[in-house]
Every structure is written in C-alpha cells, then in structure tokens.
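In what follows, a single structure is set out as structure tokens and then discussed.
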Amino acid sequence: MTDFERKIRADFPLIESSRCVYLDNGATTQKPECVLTEINRYYETMNANPMRGLYELSVEATEAYENARTVTANFINAEDPREIIFTRNATESLNLVAYSYGAHALKPGDEVIVSVAEHHSNFLPWVEASKRTGAKVVFFDCAPDGSFDLDELKKLVNTHTKVLAVNAVSNVTGQKNDIAAMADIIHEAGGVIVVDGSQSVPHESTDVQVLKADFLAFSGHKMYAPMGIGVLYGRKELLDAMPPFLYGGEMIETVSKERVTYAEVPHKFEAGTVNAGGALGLKAAVEYITKVGFDKITAKERELVKTAVEGMKEIPHVNIIGGENPDDHHGIVSFIIDGVHPHDVSEIFASENIALRAGHHCAEPLHRHLKVMSTTRMSVGMYNTCGEIEQFLDVLKSIRARMGYKDDRQYFLQ
Amino acid sequence: MTGNTFYNEIINEHNLKPYHKRAVEGANFTLEGVNPSCGDDIVLELKVEDGIIVDGGFTGDGCAISQASADIMLDLIIGKSQEEAIRLSDIFLRMIKGSITDEEKEELEEAGILESVSHMPARVKCAVLGWRTMRELFGRTD
C-alpha cells in the first residue's frame with residue numbers, strides 16, 4: 001500500500017474496519033471521520049431550526065447552514081451562494097428543475113433534448129414535464145463507445161429547443177462529456193443546459209462558469225457526505241424567474257388569506273425544515289476533498305481505472321462497455337462477460353467480499369441503445385488501492401471457469 | 001480467497017446445457033414470466049393431456065439461477081399430474097423461505113440444491129421464476 005492509500009484509508013472508519021473491497025462508489029461512497037464528527041458537532045452544539053428562532057442557537061444554526069452554502073458555492077465556483085439550493089439528492093434537484101423550470105419555460109411544441117445515457121433521474125422528470133406542458137422529449141444518441149458527437153447535437157437543435165439534459169460523466173460508461181461545447185450549442189438556440197454532475201463532481205474539479213452550466217445537480221452521498229443532502233446549482237436569473245417546487249414553511253415572505261409572496265432564492269426552493277446537519281456534513285466533505293486535493297484524487301482514481309481497464313482487456317470473454325482507452329472511463333468501468341449473466345457475476349464477487357453493482361444502473365435507455373440487457377459496474381473512490389483492483393481482476397479471471405465453461409485459458413483462484 | 005459460491009456443477013450444467021430450453025410442439029399452456037428488476041425473462045410452455053404434463057420447455061434469458069431452476073423444475077414435473085406439480089412447487093417455495101423437512105427436500109430431487117438461495121434474499125426471485133410461472137399457468141396466483 002502506498003503512503004497516500006494508507007493515509008486516506010485511515011480517515012474512513014468503515015474502510016478501515018470492513019473486509020469488504022468496496023468498488024461501488026458510483027452508487028454511494030463511504031464517509032470520512034471528519035464528516036461524521038461534523039454532523040455530530042452540529043447536533044451536539046448548535047441544533048435549532050435554522051432561519052426561524054431569534055435566540056442564539058437558531059442564529060448559530062442559520063449561520064452554519066448558510067456557511068455550508070457558501071463553501072459549496074466556492075467548491076463549484078458559483079458566482080453567488082444564492083445559486084446553491086440544498087435538496088435531498090441529485091434526483092430531487094433534477095425533479096425540481098424539470099418541474100419548476102419546465103412550468104416556467106416549456107409550452108406545447110417545445111423540445112427537450114435528453115441524452116440517451118441519462119440516469120432515469122435526468123430523463124423521467126423531463127418526460128413528465130413534457131406531458132404536463134405539451135413539450136416533446138427528443139433523444140440525443142451516443143456512439144457504441146458511449147461518446148457523443150457534437151455535430152449530431154447541432155442537427156437536433158432547432159427553434160423549438162428549450163432544454164438539453166445531459167450528464168457530465170455517465171454512470172454506466174464513465175464517459176466524460178464536453179459540457180462547455182454542448183452548452184454553446186444549446187445557448188445559441190436559446191435553450192438551457194441541465195447537467196447531472198453526480199458522477200463528475202466527486203471525482204474532479206468542477207467550475208460551473210467554465211462548464212457554462214445553467215443548472216448542475218449532484219448528490220452529497222456520492223462525494224463522501226451523508227445521504228439526504230444534495231445540491232442544485234442554478235443561474236440566479238433563471239432561479240428568480242421560476243415558480244417554487246414545494247410549498248410550505250420558510251419559503252414565503254408574506255401569506256394572507258388572499259395572497260402570498262414567496263421568499264427570494266434560494267429559500268423559495270427550500271420549503272420545510274432543512275437538513276442542516278446534512279449540509280454541514282457536505283461542507284465537511286468539501287473541505288476534506290479540498291484538503292486532499294483534486295490533483296491527487298483524480299490522479300489516484302485514474303491510476304486505479306487504468307490498472308483495471310488494462311487488466312480487463314487481457315482477460316478473454318470480458319467486454320468493457322464504452323471506450324477502449326482507460327482515460328475514457330472516469331472512475332467507472334462497466335462490463336459484461338460472455339455467457340455469464342451480470343447478476344451471477346456480482347454474486348461471485350460478493351462471495352469474495354468485493355462489492356460491485358449489477359443491473360441497468362437506472363439507465364435503461366442507454367442499455368437498450370447499446371443492446372445489452374444489463375451490466376456489472378465497478379466504480380472507484382479515493383480510498384481504493386491498486387491491490388484491491390488486482391483482487392478484482394483475479395476474481396474476474398476466474399468467473400467463466402466457476403460457471404462451468406471450459407476455455408482454452410482457464411483461470412482458477414489460488 | 002476462499003469465497004464459496006453456490007454455483008456448483010449441477011447448476012452450471014443446467015445453465016450451460018439446459019435440456020428443456022426449447023419451444024414445445026403442441027403446447028397448450030404458455031406464459032411469460034418476468035423479473036423486471038433484474039431482467040430475467042422466460043416463456044414457459046407445457047403440454048398437458050388428461051391432467052398429466054406430458055411435455056414442457058422454456059425459452060428466454062436470465063441469470064444462471066433462473067435458467068437452471070426452470071430447467072430443474074421441468075425435469076421434475078414432466079410426467080406428473082398438474083396437482084402433483086403444484087404440490088411440489090408448494091414445497092419448493094417453502095424451501096426457499098427456509099422451512100421444509102428432509103423428506104420433503106428428497107421429493108424435490110435435484111431442485112433441493114437450490115435450498116441455499118434461502119440465504120440469498122436478492123436471488124429468491126430468480127430461483128422461483130419458473131415455479132411461479134408454472135403455478136400461474138395453472139391458475140395459482142398466490
């Protein structure tokens with residue numbers, strides 16, 4: 001184990017104590033001690049309902065919560081902290097945009113372009129928004145390696161185009177998209193780009209201004225923060241123009257029997273008691289990531305993926321979904337094995353204490369487009385080691401033999 | 001590495017060379033069984049004459065457990081009466097829930113090797129797909 005690996009792993013209690021080789025980071029990540037401590041600190045020393053009480057505890061809770069917003073805004077280089085809306089997760093963030101921006105901007109005949117590689121959470125909300133408004137969903141298909149051709153996008157765009165919904169990194173292929181270039185195309189047509197950053201924000205430095213993103217959604221729990229806290233970034237003038245998503249407490253200015261005035265952003269979109277503990281956990285995760293440094297995190301994860309992809313290419317009957325080049329896979333490598341169902345593959349890995357995900361990864365349209373029913377996915381985090389990738393490869397080599405195939409090159413585990 | 005998977009020779013054999021994976025000529029009972037969450041999808045066909053299952057087969061795709069289990073089931077029920085097939089499937093379903101006697105397990109013949117699925121909650125649906133589909137074919141929807 002390298003010094004970096006040893007040092008990082010020591011920060012994660014579950015990683016230190018579990019025998020599990022955890023390679024399901026695309027689903028959720030483990031939490032470092034500092035995040036857990038921060039959540040505790042919030043509840044032990046400053047818990048009160050933020051933005052309501054005039055007493056000291058509530059003021060402190062409000063300040064801590066708003067500070068988490070500022071830290072998050074700086075993390076993705078948003079111009080204004082008010083452009084950060086705290087949600088439960090990326091799914092809620094994307095539902096918020098589709099519902100609220102949809103209600104504001106979509107009308108019959110309009111078109112929403114959705115990439116075929118979207119997670120269902122950046123697809124289904126647009127299907128429903130289209131049903132409500134009379135707009136139409138148009139698919140942006142990818143090449144067999146999961147890459148998107150910008151010229152194809154240019155052909156899809158027309159005067160009816162209002163939205164492009166696309167991920168920064170695919171949760172199946174690990175393919176990274178050129179968001180800034182896509183944003184240029186959609187902006188020229190007068191539309192907005194809604195980016196699902198769930199698989200990119202945890203793994204590489206994100207600058208919403210460089211990406212030219214109008215909206216960016218991501219989840220805390222995939223970036224070492226607790227479950228139940230997520231983020232929607234939106235450009236302020238867009239958020240200002242949108243109607244609220246949820247109605248209730250702490251999202252109003254005045255309410256009488258006759259009329260209501262809603263609060264300003266971001267509070268307009270944060271109805272009800274907020275997840276202040278979660279927001280502080282997210283802040284701690286951001287600070288932890290910043291302390292480790294994306295230069296080191298991205299380099300480490302690249303090394304892990306390179307080791308995996310190069311090893312996998314050597315194994316007969318293993319087929320990687322997506323690009324040939326290790327650098328095409330940003331933290332994620334999905335694969336199929338000839339003649340072995342992905343559920344059997346992940347079952348065998350589970351019996352060796354290696355956690356992988358099998359199925360369609362909530363991206364059925366992509367699987368259908370690539371003509372695979374389901375896949376097995378391994379996805380790395382900053383605490384994974386090259387030794388773990390070697391273990392993964394050893395088990396992978398043995399699978400066909402375990403399933404009764406008599407191949408020319410037979411592998412058995414020692 | 002000492003991981004003990006339950007993919008043994010019997011399961012592998014039934015998965016790789018399913019004897020009953022074919023369309024059945026003259027089938028008078030046909031039903032598709034699907035596990036939407038994992039994509040197991042089979043079509044079960046049975047030919048029943050005078051209450052006796054005289055022939056049966058299945059087509060489709062799925063994991064080794066779903067495929068092997070369907071093949072093993074057909075081994076067991078072909079030649080038996082509808083009622084007997086239902087009774088055996090009662091035993092099988094109880095086995096997967098973890099409550100049968102040794103004598104009952106004997107009656108299931110090779111299907112008894114799927115008992116360990118009772119410790120694998122995520123795979124129960126795969127193991128029972130063929131059996132559930134057969135019960136539905138005969139009007140049992142419980």
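At-a-glance table
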| quantity | calculated |
| --- | --- |
| FRET efficiency estimate (nearest 0.05) - Cβ-Cβ, residue A:45 to residue A:260, R0 25 angstrom | 0.10 |
| Degrees separating the helix A:124-133 axis from the principal Cα axis of chain A, which is the longest one | 40 degrees |
| Efficiency of FRET from Cβ geometry, residue B:116 and residue A:296, R₀ 35 Å, rounded to 0.05 | 0.20 |
| Rounded to 5, percent antiparallel among DSSP beta bridges of region A:162-243 | 45 percent |
| Fully extended contour minus Cα-Cα distance, from residue A:136 to residue A:34, at 0.36 nm per residue | 32.2 nm |
| 5 angstrom amide H check on residue A:357, placed H, neighbours 5+ away | A:377 |
| Cα extents of region A:6-54 along the three principal axes, largest first (Å) | 48, 22, 15 |
| Note, ³J(HN,Hα) from phi for region A:104-114, Karplus 6.51, -1.76, 1.60, rounded to Hz, x at Gly and Pro | 6, 10, 8, 9, x, x, 5, 10, 10, 8, 10 |
| DSSP bridge orientation in region A:132-290 - percent antiparallel, rounded to nearest 5 | 55 percent |
| Relative contact order (%) - chain A, alpha-carbon pairs under 8 angstrom, separation at least six | 21 percent |
| Nearest 10 degrees, 0 to 90: helix A:386-402 Cα axis against chain A principal axis | 60 degrees |
| FRET efficiency, residue B:80 to residue A:405 (Cβ-Cβ, R0 35 Å, nearest 0.05) | 0.60 |
| Coil-residue GluC sites (Glu not before Pro) of region A:258-311, DSSP, other Cβ within 10 Å capped at 14 | A:258, A:264 |
| Choice from B:18, B:121, B:36 showing the highest fluctuation, given a GNM over chain B with Cα pairs closer than 10 Å | B:36 |
| Of every Cα-Cα pair in region B:23-137, the percent that sits beyond 21 Å | 31 percent |
| Sum of side-chain charges, residue A:240 neighbourhood, beta-carbon under 12 Å (Lys, Arg +1; Asp, Glu -1) | 0 |
| Kirkwood hydrodynamic radius of region A:39-94, from inverse mean 1/r over distinct Cα pairs, in Å | 12.4 Å |
| Largest to smallest principal axis extent of the C-alpha atoms in chain A, angstrom | 79, 54, 33 |
| Counting DSSP beta bridges with both ends in the protein assembly as shown, the antiparallel % (nearest 5) | 70 percent |
| Contour minus Cα-Cα distance for residue A:4 and residue A:74 (0.36 nm per residue) | 22.6 nm |
| Shielding of A:345-352 by partner chains, average beta-carbon count, 10 Å | 5 |
| Reachable lysines from residue A:313, criterion Cα separation under 24 angstrom, eight or more residues apart if same chain | A:176, A:300, A:371, A:397, A:406 |
| Between helix A:276-292 and chain A: long-axis angle, C-alpha atoms, 0 to 90°, nearest 10 | 50 degrees |
| In region B:23-137, lysine pairs closer than 22 Å at Cα, eight or more apart or cross-chain | 5 |
| Under the Karplus curve 6.51 cos²θ - 1.76 cosθ + 1.60, θ = phi - 60°, whole-Hz ³J(HN,Hα) for region A:342-350, x wherever Gly or Pro sits | x, 5, 6, 4, 6, 4, 5, 4, 4 |
| Ranked packing of A:53-61, A:354-362, most packed first, by mean Cβ within 10 Å | A:354-362, A:53-61 |
| For residue A:157, net neighbour charge (Lys/Arg +1, Asp/Glu -1) across residues whose Cβ lies under 14 Å away | -3 |
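Quick note: the coordinates plus some simple rules give every number you see, no bench work behind them. Note that the coordinates shown come from a computational prediction; the quantities given were computed from them, not determined experimentally. Please note: Cβ atoms are built from the backbone with ideal geometry, for glycine as well, and neighbour counts cover all protein chains shown.
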